[in-house]
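Scroll down for the structure; my scribbles are underneath it.
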Amino acid sequence: MKKKYDVIVVGAGPSGSMAARFAAERGVSVLMLEKDRDVGYPVRCGEAVGKEKLLEFIEPDRKFIAAEINKFSMIAPDGSEVVLPLDQTGFVLERKIFDYELAKTAAVAGAEILTRAYVNGLLFDGGKVSGVKYEYQGNQYQVESDIVIAADGVESRVGRWAGIKTFIDFRDMESCVQITAGNITVNQNTCYFYFGQEYAPHGYFWIFPKGNNTANIGLGVSGIIGKKRSALSFLNDFMKKNYPDAPILTQIAGGVPSAVTLEKISAPGIMLAGDAARQVNPLSGGGITSGMIGGRTAGTIAAEAIKSKNTDHIFSYDKAWHEAVGKRHEIYNRIKEGIYNFSDEKFNNIARSFSRIPLAKRTLGNLFKTALIHNPSLLIDVAKVFIVK
Amino acid sequence: MIEILPDKCDFCGCCVGVCPEDAIELKEAEINIMESLCTNCAKCVWSCPIEVLVFNKNGAGVKV
């Protein structure tokens, strides 16, 4: 372990690991610090991911793929089900193994990694972030760097210490709870989404298969709902009603910052990536690949800044992210806000209309179009999804 | 006052993410509210998915 690194990455989730890997691959020295004992554990995720984006980063491997997804099923509040075959397939991951494999790619690229290292402060040099303070096995240490990449998750505090406003409006925080259960006899290639007041108001309820009739069953609700009822109480009601005797393999909680990216994701000596930067798709709540893209972008730019001896180059990260993904998330966020206000009746009507479209002709675009018939004010935003590339 | 029931906590970090005062500290399996910073705004209570944060009996002055 050195006294100083070119780049320190805080957090070894998918975003941190990609930041570490892409920086290290460009020949700069990298240290990645993880507060938990294990990379990849505890999991706080529904674990579904699109295949195409994933391939940009890692070859799919059976050891971290629990199920392959080729259909979505949407269940309206009245129970009517709409099946949507997917042109682009997806996976339900074993995040425990997946995250670990990603961290290994960072290690292979040359990054040093330390787990159980809890970052609890920043070092400054004339207003610029110049390293981190961390606790390790009860002792306090510090280590310097030219650039810190904070990929410290939904609970990010590192950015705050550098003066970036990172806390998220409680209304945009989707508070989630999920169990992995056995004996769930659903189609093992279909992700199920339930909408409506009973299941998950201001959010959605999901069943994602994980092979051999195990599945992730969970939901997220906005803090607006959390004022009155917790996510857990919705999950308990669903399980009592639908799977009262299912063996529960694990129960987890987690938060998804379902909003647009932070206004500022870089400051002198520091960049934010992943959930810490709020780089989550606010419509789906998916953050694995978008966090990895954020990490890759941050790591690449950090290395360029070091190589060119121009640390101000890191400020180009905000624009690079916005162009690559951030501007799309802004549109998704507006659609999300429209859908959040749908009544149960509206969801039922959309499902009824969509189910008249023959299976072979159903696409996500058609589904949006059907939603539009029932809610024309969404038109502009939905149109943008298919125009903005 | 807001209280954390540590035995029920999953250490998921929702409360830390929504705290406007940076008053909650989360380590691997250890969570604390720094009382000197907490303003009892209750955002953490509303955002907890599993009912770990609660108002204790001295709770007062929280606008819901």
Original post:
Counting only residues 5 or more places away or on other chains, whose amide H sits under 5 Å from the amide H of A:VAL119 once H atoms are built in the peptide plane?
Top reply: A:GLU135
**OP:** Could you check the simple spin-label distance between A:THR89 and B:ASP7, using points 7 Å along Cα→Cβ, in nm with one decimal?
**Re:** 4.7 nm
Original post:
What is the fewest-to-most order of A:PHE315, A:PHE354 by other Cβ atoms lying within 10 Å of their Cβ?
Top reply: A:PHE315, A:PHE354
Original post:
Got a sec? How would B:CYS44, B:CYS14, A:CYS191 order by Cβ neighbour count within 10 Å, fewest to most?
Top reply: A:CYS191, B:CYS44, B:CYS14
Subject >> Linear extension gain, A:GLU144 paired with A:ASN187, 0.36 nm per residue minus alpha-carbon span >> reply: 10.4 nm
**OP:** Would you mind checking which residues have amide H under 5 Å from A:GLY131's amide H? H placed 1.01 Å from N; only 5 or more apart, or other chain.
**Re:** A:LEU123, A:SER145
**OP:** Note down the nm distance, to one decimal, between modelled labels 7 Å out along Cα→Cβ at A:ILE224 and at A:ALA360.
**Re:** 4.2 nm
**OP:** Determine one quarter of the surface area of the Cα convex hull of the range B:2-55, which equals its mean projected area, and express it in nm² to one decimal.
**Re:** 3.1 nm²
**OP:** Holding the Cα-Cα limit at 27 Å, pick out from A:LYS133/A:LYS165; A:LYS3/A:LYS307; A:LYS128/A:LYS319; A:LYS241/A:LYS369 the pairs that are longer than that.
**Re:** A:LYS241/A:LYS369
**OP:** Would you mind working out the magnitude of the charge dipole of the protein assembly as shown relative to its Cα centre, with +1 at each Lys and Arg C-beta and -1 at each Asp and Glu C-beta, to the nearest 20 Debye?
**Re:** 800 debye
Subject >> For the range A:13-25, Karplus couplings with θ = phi - 60° (6.51, -1.76, 1.60), whole Hz, Gly/Pro x >> reply: x, x, 5, x, 4, 6, 4, 5, 5, 5, 6, 5, 4
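Within a 10 angstrom radius of the beta carbon, how do A:MET1, A:MET18, A:MET239, B:MET34 rank from fewest other beta carbons to most?
Lowest to highest Cβ neighbour count: A:MET1, B:MET34, A:MET239, A:MET18.
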**OP:** Identify the residues of the range A:40-78 with backbone N under 18 Å of a label point that sits 7 angstrom from the Cα of A:SER343 along the Cα-to-Cβ direction, or state none.
**Re:** A:76-78
Subject >> Rg in Å to one decimal, and Dmax rounded to a whole Å, for the range A:111-267 via C-alpha atoms >> reply: 20.1, 60
**OP:** With runs of 4+ DSSP H residues as the only contributors, calculate the mean residue ellipticity of chain A at 222 nm using -39,500 (n - 2.57) per run, divided by the residue total and rounded to the nearest 500.
**Re:** -9000 deg cm²/dmol
**OP:** For the range A:157-296, build the charge dipole from Cβ charges (+1 Lys, Arg; -1 Asp, Glu) around the Cα centre, then report which of A:MET239, A:VAL280, A:VAL186 sits farthest towards its positive end.
**Re:** A:VAL280
**OP:** Be a star and scan the range A:133-176 for residues whose amide nitrogen sits under 19 Å from the point 7 Å along the Cα-to-Cβ vector of A:ARG37.
**Re:** A:135-139
**OP:** Could you grab the Rg to Rh ratio for the protein assembly as shown? Cα atoms only, Kirkwood for Rh.
**Re:** 0.96
Original post:
Could you give the nm distance between label points at A:ASP78 and B:GLU28, where each point is 7 Å from its Cα heading toward the beta carbon?
Top reply: 5.3 nm
Original post:
Given the Cα-Cα distance of A:MET1 and A:ASN242 and 0.36 nm per residue of separation, how much length would full extension add, in nm?
Top reply: 81.5 nm
**OP:** Please find the FRET efficiency linking B:PHE55 to A:GLU198, where r is the Cβ-Cβ separation and R0 is fixed at 25 Å, and quote it to the nearest 0.05.
**Re:** 0.35
Original post:
Given H placed on each backbone N at 1.01 Å, which residues far from A:ILE113 in sequence or on other chains put an amide H within less than 5 Å of it?
Top reply: A:MET32
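Values quoted throughout were computed directly from the atomic coordinates according to the rules given, and no laboratory measurement underlies them. Keep in mind that what you see is a predicted model, and the values were worked out from it rather than measured. We place every Cβ from the backbone using ideal geometry, glycine too, and count neighbours over all the protein chains shown.
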